[in-house]
Structure formats: C-alpha cells, structure tokens
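The values are calculated or read from the model by the stated rules, or taken from the named source; none is laboratory data. On a predicted model such as this, the values are computed, not experimentally measured, just so you know. No Cβ is skipped: glycine too gets one built from the backbone with ideal geometry, and neighbour counts run over all protein chains shown. The accessibility values were calculated without ligands, DNA or RNA, using every heavy atom of the protein model including side chains. Shrake-Rupley method; radii C 1.70, N 1.55, O 1.52, S 1.80 Å.
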Amino acid sequence: MELVSHTVTNLIIFVLAIYVGYHVVWTVTPALHTPLMAVTNALSAVIIVGAMLAAALTTSDLARWMGVAAVALASVNVFGGFLVTRRMLEMFKKKDKSEKASEGAKH
Amino acid sequence: MSLNLVTLLYLFASVCFIQALKGLSHPTTARRGNAFGMIGMALAVVTTAALILKISDMKAVGLTYVLGGLVVGGGIGAVMAKRVEMTKMPELVAFMHSMIGLAAVCIAVAVVAEPAAFGIHEEGTGLANAGLPFGNRIELFIGTFVGAITFSGSVIAFGKLSGKYKLRVFQGAPVTFSGQHPLNAILGLAMLGCGIWFTATQEWTPFIIMAAIAFVLGVLIIIPIGGADMPVVVSMLNSYSGWAAAGIGFSLNNPMLIIAGSLVGSSGAILSYIMCKAMNRSFFNVILGGFGQDAGTVAGKQEQRPVKSGSSDDAAFMMSNAETVIIVPGYGLAVSRAQHALKELAHKLGEKGVQVKYAIHPVAGRMPGHMNVLLAEAEIPYDQVFEMEDINAEFRQTDVVLVLGANDVVNPAAKTPGSPIFGMPILEAHQARTVIVNKRSMASGYAGLDNELFYMDKTMMVFGDAKKVLEDMVKALESL
C-alpha cells in the first residue's frame with residue numbers, strides 16, 4: 001500500500017492544532033492577554049529545536065553559523081518570554097496575598 | 001534514543017504547551033500554566049540535544065555551538081525580562097516577534113544549504129549533493145517569507161512603539177504614498193514568482209531574492225499603519241511569528257513545531273480580531289492603513305465650547321461623598337506613571353467607605369490586556385478590575401465616574417449613527433450621575449473626534465498631569 005506523505009500527516013496535525021488553539025485561546029481571560037502574548041512568544045521559540053539541529057549537525061560554515069545565530073535568537077525568546085510572563089503573573093499573585101492580609105486586618 | 005521515543009517526548013512537550021495557554025484562563029492557574037510551558041520547552045531542548053548526540057555518535061562538538069548560542073541569547077533574554085518596564089511591554093513583545101522571524105529565516109537558509117543534516121533529503125540521491133523533496137521546498141518558501149515579513153515588520157512596529165527614533169518610518173504617523181497598494185501587490189507577486197522558481201529548481205538566486213523582497217514587504221506593510229492601531233499590529237505580528245514557526249515545522253517534518261506554531265498563530269489571530277472589534281474597524285481596514293487621513297476632515301468642524309472645569313479638591317470632595325466610584329484608566333494614566341497614585345486614591349476612598357471599581361476597555365493600553373498588567377503592577381487587586389461587558393450595566397447606578405487620560409473609549413458619539421466611530425463599543429461613563437474627567441488638555445483622541453461627554457452638565461473637567469492631579473486628590477482626601 002502507498003504510504004501517506006509527510007506533508008499530508010503534517011497538514012492533519014496543523015489543522016487539528018489550530019482547532020485546539022482556537023478553543024483554548026478563547027478561554028483566556030482578557031485581563032491576561034498581555035501575559036498570553038509574552039508566553040506565545042516563548043512558545044514559538046520552540047523553533048530552537050530546528051536551530052539546534054542546524055548548529056550541531058551541519059558541516060558547512062554557512063549552515064553552521066546560521067544555526068548558531070538562530071539558536072541565539074530563539075533562546076532570547078525562550079528565556080525572555082517565560083521569565084517576563086512569570087514576572088507579570090507574580091504581580092497578579094502578590095495582590096492576592098496583600099488583599100487577604102488587608103481583609104484579615106479588617107475583620 | 002529511538003526516533004519514536006523522541007517523537008513521543010515531543011508530543012509530551014506539545015501537551016505542556018497547550019496547558020500553558022489553558023492556564024491563562026484565570027490568574028490563579030496561570031503560574032502553573034507557565035511552569036508547564038517551561039517544562040515543555042526544557043523537555044524539547046533536552047530531547048533534541050540527546051538526539052543530536054545519538055546522530056553524531058556521541059561526539060559533543062556540535063553541541064558546544066548550540067551551548068554558545070544558548071548562553072548568549074538566553075542571557076540577553078533573561079536580562080531583558082528582568083529589566084523591562086511594564087509600560088514598555090509592547091516594545092519587548094514586538095522585539096521578540098522579530099527574533100522569531102529572523103531565527104526562522106536563518107534555519108531555512110541552513111536547511112537549503114544542507115538538507116541532509118536535517119534528514120529531509122530526497123531519497124535515492126547521495127548524501128553529499130542531496131536535493132530537497134518538492135513538498136519541503138514549498139514549505140521552506142512559506143516559512144522563509146513569513147519569517148522575513150515578521151522580522152522587518154516587527155522592527156518597524158518596535159520603532160513606532162518606542163517613539164524615540166528620529167527615522168521617519170519609526171514614527172507613529174502613518175507613512176503613505178501614492179501607488180502604495182499596487183507596489184505591495186507587485187512585490188508580493190514577484191516574491192511568489194521567486195518562490196515558484198525556487199520550488200522548481202532549488203537554486204540560491206530565487207531564494208535570496210525572495211527573502212529580500214519579503215524583508216522589504218514587511219516594512220511596507222507596517223509603515224502605513226498609525227500609532228493608534230498598534231494593538232492590532234502587535235497581535236497580528238504575534239500571529240505571523242506563530243505561522244513562521246509552523247512553516248519551519250512543516251519543512252523539518254517536526255509535529256511539535258507545527259503544534260506550537262499553530263497555537264501561537266491562532267492566538268495572535270484571535271487577539272487581532274478582539275482588538276479590531278474593540279476599535280470598531282475591520283481587519284483589512286487596519287492593514288490597508290489610514291485612520292489618520294479621514295480624521296482631519298472631522299477635526300475641522302470643531303468649535304470652542306464651554307466646559308465646566310474644577311480643581312482636584314472639588315473632585316476629591318465629590319468622590320468622598322459618593323457611594324460608588326468607577327475609575328476608567330486610559331493610556332494617559334500610564335504615560336504619567338500615575339498607577340501608584342491611583343492605588344493610593346482608591347485606598348483612601350475605600351477607607352471612607354466608598355466602593356471603588358475599575359473599568360477597562362479592551363484597547364485601553366497599547367497592546368491587548370496592557371492596562372490590566374499596569375494596574376496589577378501597582379498592586380491593584382484584580383477582582384476590583386472589570387472588563388467592559390461586565391461593568392457597562394453598572395454605570396447607570398454609579399455616583400461618580402473618574403476618567404483618567406482616556407478619550408475615545410468613553411465617547412458617547414459611538415452611539416450616534418453617522419459618527420465616524422458609530423458602533424464602536426464604549427464604556428458607558430455618560431450614564432453615571434457625575435463624571436470627572438482628567439486630561440492634560442482639550443486635545444482630541446486618536447480618532448480626532450470631539451467628545452460630547454466633556455460638555456455634559458454633569459461632567460467636571462480636571463486639567464493637568466494625571467499623577468499630579470491624583471496626588472492632589474489624595475492630599476485633599478486626607479484633609480477632609
């Protein structure tokens with residue numbers, strides 16, 4: 001039997017992932033839309049995987065340095081994206097505590 | 001480590017990424033979601049490192065290059081994440097989009113140079129001069145041009161957002177010239193032509209021309225868009241960066257990249273849609289540019305009309321006598337860094353038994369959800385902060401509404417047919433019993449429209465810098 005081509009399998013994954021993304025993102029509360037953008041920046045930096053292959057497995061200078069550059073560019077986002085998201089979410093948390101503390105003080 | 005195991009671990013990472021987005025449905029689950037995202041990313045990177053070791057027969061030479069890039073990039077990213085001011089979030093996000101775009105182009109170049117290293121060469125040919133399979137060439141073409149457009153577009157968006165560069169293309173005002181749209185169309189077609197040429201021959205020449213055109217196109221697409229539309233632009237580029245990642249995923253046959261890219265792509269698309277709806281504009285209207293032009297004609301009709309203006313003390317007195325106060329913060333508040341003074345005011349009012357709530361319009365900041373983060377930074381509890389749909393019904397029963405540096409989002413003209421902003425969803429501040437508006441001057445907002453709210457009998461204008469005014473109000477409340 002003929003094998004299904006890679007492209008078709010990828011297309012199936014692509015369409016289903018968009019479907020999942022659509023439904024998940026609508027559940028995100030508008031108050032957290034900025035952290036959402038920051039975290040999606042970090043997630044799209046998963047292309048670091050491709051960059052790593054390029055940096056480590058290629059033999060020509062061009063391909064290798066392109067790979068190294070891509071690793072550096074993507075890791076700016078991996079670290080920057082997740083850390084800035086965490087920093088923002090901490091702000092939403094601190095209030096939780098201080099509020100409870102002030103409520104406790106009132107009663 | 002077998003390829004099947006690698007793929008399964010990638011699947012696990014993909015599930016973590018979905019969890020990261022799902023967590024953001026509520027502030028209490030968001031931090032756990034973010035942790036999931038980090039775990040997923042760490043897993044993806046470690047798995048790939050193991051795969052590289054296996055393919056290169058446990059020789060770690062290649063990985064040193066990876067480590068070098070990781071340390072440099074990661075260090076820069078970590079420092080930026082730590083130092084960035086919350087008012088500068090849109091710039092940071094635009095900057096990060098450009099990183100993704102450029103990384104995608106770099107990877108694509110490496111793939112074209114050496115397809116065999118990625119295991120996607122044509123079967124039956126020798127490894128040394130292996131060509132790319134036809135399907136992968138199309139995917140590479142798409143990944144490259146989307147990446148290139150994302151990069152140059154984000155650089156322009158970054159410049160426009162930061163507003164401190166003298167270069168004309170980096171300024172908020174739209175850059176328009178005659179023949180703009182035909183030029184874009186011709187360039188787009190030329191790019192497509194080179195793409196087909198590359199797909200057919202896998203030569204460097206069309207690839208390089210195609211990438212160069214895409215870089216130029218990214219600039220041309222963003223320059224005609226005005227400063228007020230930046231929330232849409234940032235969301236749109238967010239979406240593009242996702243599609244670029246998915247495109248690279250296709251060309252490398254990596255499902256994890258496709259999944260992560262599609263999640264980001266649809267997220268950005270949804271945010272663009274929400275922003276367009278909040279500004280009452282169609283997506284194409286924003287992309288094709290020019291909010292600024294039609295506004296000029298409207299502004300010409302303005303005439304000087306009397307407004308009631310008062311002092312901070314008067315405003316403080318009115319608020320202290322109220323039972324309920326709703327605060328409408330706009331970007332003017334963030335510009336004068338008055339969030340902490342605002343918190344102080346709300347605290348003082350709370351002590352006097354006044355119930356204080358905040359009403360946020362979707363486009364209150366310069367990117368989706370920006371104002372929420374700015375208020376959170378000032379330690380304003382998020383359960384006092386309400387979205388437009390949730391609070392609009394409450395204005396009717398509210399004693400005092402305090403509008404701080406916001407204009408178009410409270411303009412009742414949006415309810416009048418024929419007005420340029422007719423149909424735009426607004427915060428219905430005009431329904432409240434009394435309205436206090438703080439602005440620096442009577443200048444009109446982004447839409448260039450006069451705001452009827454300012455001339456109402458029940459409205460009192462308090463002119464001055466938001467921070468100064470709020471501090472004066474706090475002082476006045478203390479002495480009451």
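Brief remarks follow.
- Percent antiparallel among DSSP beta bridges (both partners in the protein assembly as shown, rounded to 5): 0
- Modelled spin-label separation between B:PHE284 and B:GLN431, with each label point placed 7 Å from Cα along the Cα-to-Cβ direction: 3.4 nm.
- Nearest-10 value in Å² for the accessible area of B:LEU192, using the 1.4 Å probe: 90
- Relative contact order, whole percent, for chain A stands at 25, derived from Cα pairs under 8 Å and 6 or more residues apart.
- Taking other residues whose beta carbon is less than 12 angstrom from the beta carbon of B:ARG366, and scoring Lys, Arg as +1 and Asp, Glu as -1, yields 0.
- Fully extended contour minus Cα-Cα distance, from B:GLU387 to B:LEU187, at 0.36 nm per residue: 67.8 nm
- With contributions of -39500 (n - 2.57) from each DSSP H run of at least four residues, the per-residue ellipticity at 222 nm computed over chain B stands at -19500 deg cm²/dmol.
- Within a Gaussian network of chain A (alpha carbon springs, distance under 10 Å), most fluctuating of A:VAL46, A:VAL15, A:VAL78: A:VAL15
- Accessible solvent surface per residue of chain B, calculated while the other protein chains remain in place, 1.4 angstrom probe, Å²: 40
- Of the solvent-accessible surface of chain B, computed with a 1.4 Å probe and all protein chains present, 62% belongs to carbon and sulfur.
- Label-to-label distance, nm, for residues given as B:ASP314 and B:VAL61 (7 Å Cα→Cβ offset): 8.0
- Neighbourhood charge, 9 Å Cβ-Cβ cut-off, centred on B:ALA81 and excluding it, Lys, Arg +1 and Asp, Glu -1: +4
- Acute angle (nearest 10 degrees) that the helix B:27-55 long axis makes with the longest principal axis of chain B, alpha-carbon atoms: 20
- Total accessible area lost when B and A pair, probe 1.4 Å, Å² to nearest 100: 8200
- For B:GLN355, residues with placed amide H under 5 Å, excluding near neighbours: B:THR324, B:VAL325
- Taking the accessible area of chain A, probe 1.4 Å, and keeping the other protein chains in place, the carbon and sulfur fraction comes to 69%.
- Area accessible to solvent at B:GLU452, 1.4 Å probe radius, in Å²: 90
- Taking all protein chains together, B:GLU478, A:GLU90, B:GLU389 sort by accessible area into B:GLU389, B:GLU478, A:GLU90, largest first [probe 1.4 Å].
- Of B:LYS22/B:LYS467; B:LYS88/B:LYS277; B:LYS348/B:LYS467; B:LYS160/B:LYS277; B:LYS82/B:LYS348, those spanning more than 26 Å from alpha-carbon to alpha-carbon: B:LYS22/B:LYS467; B:LYS82/B:LYS348
- Here the simple spin-label model places points 7 Å from the Cα toward Cβ, and for B:ARG32 and B:VAL46 these points are separated by 2.1 nm.
- Degrees, to the nearest 10: B:466-479 long Cα axis against longest axis of chain B: 40
- With DNA, RNA and ligands ignored, accessible area of B:ARG396 (1.4 Å probe; Å², nearest 10): 140
- Charge context of B:PHE170, other residues only, Cβ under 13 angstrom, K/R +1, D/E -1: +3
- For B:MET460, distant residues with modelled amide H under 5 Å away: B:VAL435, B:ILE436, B:VAL437
- For chain B, the relative contact order comes to 13 percent (Cα pairs under 8 Å, sequence separation of at least 6).
- In percent, rounded to a whole number, the relative contact order of the range B:1-80 is 27, using alpha-carbon pairs under 8 Å and six or more apart.
- Net lengthening on full extension, B:GLU85/B:GLU394 (0.36 nm per residue, minus Cα-Cα): 108.0 nm
- With all protein chains in place and ligands, DNA and RNA left out, the 1.4 Å accessible area ranks A:VAL76, B:VAL46 as B:VAL46, A:VAL76, largest first.
- Once the Cα atoms are used to define both axes, helix A:33-44 deviates from the longest principal axis of chain A by about 30 degrees.
- Shown are B:MET275, B:MET456, whose ranking by accessible area with a 1.4 Å probe and every protein chain present, most to least, is B:MET456, B:MET275.
- Partner chain coverage, peptide B:81-87 - average Cβ within 10 angstrom: 4
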